[in-house]
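Following: one structure in structure tokens, then a few remarks.
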Amino acid sequence: MNSDVNNATEATAMAKFIWQMADQMATDNENSTVVLGRTDNSDIMPDVDYEISLYLSNKGYGEIWDKVCDES
């Protein structure tokens with residue numbers, strides 16, 4: 001996140017990374033792995049969705065976020 005998304009390839013990579021993060025959160029919960037002091041951090045996903053959707057939309061890549069979300 002220290003660098004900017006500058007093209008569709010980077011936007012796609014970022015969107016896929018976010019979904020990989022969500023999958024890992026589910027795995028951590030299933031395995032009782034404590035992250036950020038809890039095993040279940042799924043309550044942050046609406047905020048993550050909002051922020052990434054807004055960010056990519058403002059960069060002109062909102063349709064990429066929507067497509068990756070539909071595929072995930």
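The values are calculated or read from the model by the stated rules, or taken from the named source; none is laboratory data. Just so we're clear, the structure is a prediction, and the values are computed from it rather than from any experiment. Backbone-built Cβ (ideal geometry, glycine too); neighbour counts: all protein chains shown. Surface accessibility is based on the protein's heavy atoms, side chains included, excluding ligands, DNA and RNA. Shrake-Rupley method; radii C 1.70, N 1.55, O 1.52, S 1.80 Å.
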| query | When the residues of the range 14-28 are filtered to those that are open to solvent by less than 60 Å² (accessible area, probe 1.4 Å) and not charged (D, E, K, R), which remaining residue is farthest from the chain's Cα centre (by Cα)? | reply | 27
| task | Kindly list the number of the only condition in (1) out of contact with any helix residue (DSSP H, G or I) (no Cβ under 7 Å at 6 or more places or on another chain); (2) without any contact (Cβ under 8 Å) to a residue 40 or more places away in the chain; (3) part of a helix (DSSP H, G or I) that fails for residue 60. | result | (3)
| field | Only listed residue being hydrophobic (A, V, I, L, M, F, W, C), at positive phi and without any contact (Cβ under 8 Å) to a residue 40 or more places away in the chain, chosen from 54, 36 | value | 36
| said: Of all residues being small (Gly, Ala, Ser) and touching a Phe, Trp or Tyr at 6+ places or on another chain (Cβ under 6 Å) in the range 16-72, which is modelled with the highest pLDDT? Just the residue, please. | reply: 53
| said: Residues that are of a type outside the set (Ser, Thr, Tyr) and not in a helix (DSSP H, G or I): does the range 14-28 have at least one? | reply: no
| query | Do you know which of the residues in the range 29-56 that are open to solvent by 60 Å² or more (accessible area, probe 1.4 Å) and small (Gly, Ala, Ser) is nearest to residue 70 (Cα to Cα)? | reply | 42
| said: Restricting to the range 1-15, name every residue that is of a type in the set (A, V, I, L, M) and modelled with pLDDT under 90. | reply: 1
| said: So, in the range 1-13, exactly how many residues are over 16 Å from residue 58 (Cβ atoms) and open to solvent by less than 80 Å² (accessible area, probe 1.4 Å)? | reply: 2
